[in-house]
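J.: Could you have a look at this structure, given as structure tokens, before my questions?
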Amino acid sequence: AQLGADPSKVAVMGESAGGNLAINVAIKARDEGFQAPVHMALIYPVAGVDMTNASYVVNADAKPLNKPMMEWFVKQVFTSPEQAKTDPRINLVELANLRGLPSATIIRAEIDPLAEEGEMLMRKLKDADVDVRGDTYAGVTHEFFGMGLVVKDAAIAESFVAHELKRAFGTAILPV
């Protein structure tokens, strides 16, 4: 409100670890009674700890993100992989309470160890009666989202997210 914006029209958005942070902001707002965002745009979010799932196996050596990199990130944040497994902030797909969260858009990349986590998060949000929409974009890698000027599917994904944000804000919706 101090910035002249409408506080009832705030969304959270993030890519990868930022997608995890975005959903955790919405969870914290719900749990502590703060003004909740009206929408979450989660771009290939970190949402689980199972590095043996199918997308981790298939994309173990993918670029720009792969299994050894994710293992390194976990070592930097947690004292052990077991600590990550028991933390609902990182292990969203197994431990987090997702009821009462705002609508969500989840974008996934086919060539990404996080693809299956994104699909699992989408299912868990649906099971929690959250309005969630999303897609997996074939033939693209983690980090494709911001490349709309040069990657056609990135432009499509960006337009989809913009459409979903406008829908959540109750503003005019442009064709996707």
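The values are calculated or read from the model by the stated rules, or taken from the named source; none is laboratory data. Computed from a predicted structure; not experimentally measured. For neighbour counting, all protein chains shown are included, and Cβ atoms are generated from backbone atoms with ideal geometry for every residue, glycine included. SASA here: full protein model, heavy atoms, side chains in, ligands and nucleic acids out. Shrake-Rupley method; radii C 1.70, N 1.55, O 1.52, S 1.80 Å.
J.: Pairs only if they're at least six apart or on different chains, beta carbon under 8 angstrom, first in the stretch 55-67 and at pLDDT 95 or above, second open to solvent by less than 30 Å² (accessible area, probe 1.4 Å) and assigned to a helix (DSSP H, G or I); list them, first residue then second.
T.: Listed pairs, sorted by first residue: 55/115; 55/117; 56/70; 59/115; 67/56.
J.: Further question on the same structure: If you go through the stretch 115-166 one residue at a time, how many are surrounded by fewer than 16 Cβ atoms within 10 Å (Cβ to Cβ), under 16 Å from the mean Cα position of the chain (by Cα), in contact (Cβ under 8 Å) with a residue 12 or more places away in the chain and part of a helix (DSSP H, G or I)?
T.: Residues meeting the conditions: 1.
J.: Quick test for you: out of 100, 48, pick the one residue that is assigned to a loop (DSSP other than H, G, I, E, B), open to solvent by less than 80 Å² (accessible area, probe 1.4 Å) and on the phi > 0 side of the Ramachandran plot.
T.: Selected residue: 100, the only one of 100, 48 that is assigned to a loop (DSSP other than H, G, I, E, B), open to solvent by less than 80 Å² (accessible area, probe 1.4 Å) and on the phi > 0 side of the Ramachandran plot.
J.: Somewhere in the stretch 78-89, is a residue within 28 Å of residue 165 (Cβ to Cβ) and under 18 Å from the mean Cα position of the chain (by Cα)?
T.: yes
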